[in-house]
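Reading through the structure tokens given below for one structure.
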Amino acid sequence: MPWHLLVTPPLPGATNMAIDEALLLQARETGQGTIRIYTWARPTISLGRHQVGRDIWDLERCRERGVDVVRRLTGGRAILHHQELTYAVAAPVVEGRGLRDDYGAIASLLAHTLHQLGIGATAATPAGRMPIPAAAPCFELPARDELVVDGRKLVASAQLREDGAYLQHGSLLNHDNQGWLAELATIPMPTTAAATVVGLTGRELTADAWAATMRDAVREVWQADIVPVHVDACVPPGTLASLTERYLDPAWTWRR
């Protein structure tokens, strides 16, 4: 079965998260693997599944700045999705392959893709264990196999494995707006300068251009076929509407 490549237009945060969950369900039920590239209709903070969020964010200030807040199905730390590109990979778990295997395979694919775009990113190898998610921003520190340039994180990623399938999210910054997180938080929050596509190449990367390069990389690095698909082929409208309600529900967003 060839991989699917899905590119979607800018969408609200809840819709983006619902589509990714639908892709995870499809991978579990049919064995279909999908790579999705997308952006966000409004600046949006996404919180990791297990990250503390309650009382951390000034929601009135978020509303004034036009910033939404959603909680991802995957783990990790808070990311501001604004002037960046997000990828998702949903696929069945292959027997004998663990999280590190799939995480590393995706890192190799991303590194090859970025190299083709003129960016020499490498996989991070931090010493020691990463701190617990707490309330800190995702781009503060690179985890193993996240992509860095000169020690600065360029691609932040997190993976969920559940019931025979996995979903991995990641963010590639065109511009570094992650400092907004400290401005919107109710507690002191560290800020770290992240690597950006514009800072490294002098130009923004579009979702279509990244997807086209990723398609070639899947064929070259993974030696696999990949075909473009429309969202309707992956996510029935009724399923999308039902899943979106979850990500609009404050009980999910502020569950911790």
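The values are calculated or read from the model by the stated rules, or taken from the named source; none is laboratory data. Just so it is clear, the model here is predicted, and its values are computed rather than measured. Backbone-built Cβ (ideal geometry, glycine too); neighbour counts: all protein chains shown.
Quick grid of which residues meet (1) surrounded by fewer than 14 Cβ atoms within 10 Å (Cβ to Cβ); (2) hydroxyl-bearing (Ser, Thr, Tyr); (3) not in a helix (DSSP H, G or I):
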residue: Ile187; (1), (2), (3): yes, no, yes
residue: Thr192; (1), (2), (3): no, yes, yes
residue: Leu200; (1), (2), (3): no, no, no
residue: Trp210; (1), (2), (3): no, no, no
* Structure fact -> Restricting the range 109-120 to residues that are within 16 Å of Trp210 (Cβ to Cβ) and small (Gly, Ala, Ser), the one surrounded by the fewest Cβ atoms within 10 Å (Cβ to Cβ) turns out to be Gly118
* Asked: Where in the range 1-65 are the strands (runs of 3 or more DSSP E), entirely inside, with at least 3 residues that are surrounded by 15 or more Cβ atoms within 10 Å (Cβ to Cβ) and among the acidic types (Asp, Glu)?
  -> none
* Structure fact -> Contact list, first residue from the range 170-199 and under 16 Å from Val155 (Cβ atoms), second anywhere and at pLDDT 95 or above and assigned to a helix (DSSP H, G or I), beta-carbon distance below 7 Å, six or more apart or interchain, is Leu172/Val197; Leu173/Val197; Asn174/Val197; Asn174/Val198; His175/Val198
* Asked: Would a scan of the range 147-157 turn up a residue that is free of Cβ contacts under 8 Å to residues at least 24 places away in the same chain, surrounded by fewer than 20 Cβ atoms within 10 Å (Cβ to Cβ), part of a loop (DSSP other than H, G, I, E, B) and on the phi < 0 side of the Ramachandran plot?
  -> no
* Would you pick out the residues in the range 160-175 that are within 24 Å of Arg100 (Cβ to Cβ), crowded, with 20+ Cβ neighbours inside 10 Å and out of contact with any His (no Cβ under 7 Å at 6 or more places or on another chain)? -> Leu160, Ala165, Tyr166, Leu167, Gln168, His169, Gly170, Leu172
* Checklist (1) at negative phi; (2) surrounded by fewer than 22 Cβ atoms within 10 Å (Cβ to Cβ); (3) assigned to a loop (DSSP other than H, G, I, E, B); (4) at pLDDT 90 or above applied to Gln178, failing item -> (2)
* Asked: Residues in the range 165-175 that are more than 17 Å from Gly48 (Cβ to Cβ) and either in contact with a Lys or Arg (Cβ under 8 Å, 6 or more places away or on another chain) or part of a helix (DSSP H, G or I) (or both): how many?
  -> 1
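Give the number of residues within the range 151-170 that are hydroxyl-bearing (Ser, Thr, Tyr) and at pLDDT 95 or above.
Number satisfying all stated conditions: 1.
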* **the range 219-241, subset in a helix (DSSP H, G or I) and touching a strand residue (DSSP E or B) at 6+ places or on another chain (Cβ under 8 Å), residue nearest to Ala107 (Cα to Cα)** => Arg219
* **One residue from Pro142, Pro131 being modelled with pLDDT under 90, surrounded by fewer than 19 Cβ atoms within 10 Å (Cβ to Cβ), not polar (S, T, N, Q) and not in a strand (DSSP E or B)** => Pro131
* Asked: Just a yes or no: is a residue in the range 63-74 within 25 Å of Trp210 (Cα to Cα), within 15 Å of the chain's Cα centre (by Cα), among the hydroxyl-bearing types (Ser, Thr, Tyr) and modelled with pLDDT under 95?
  -> no
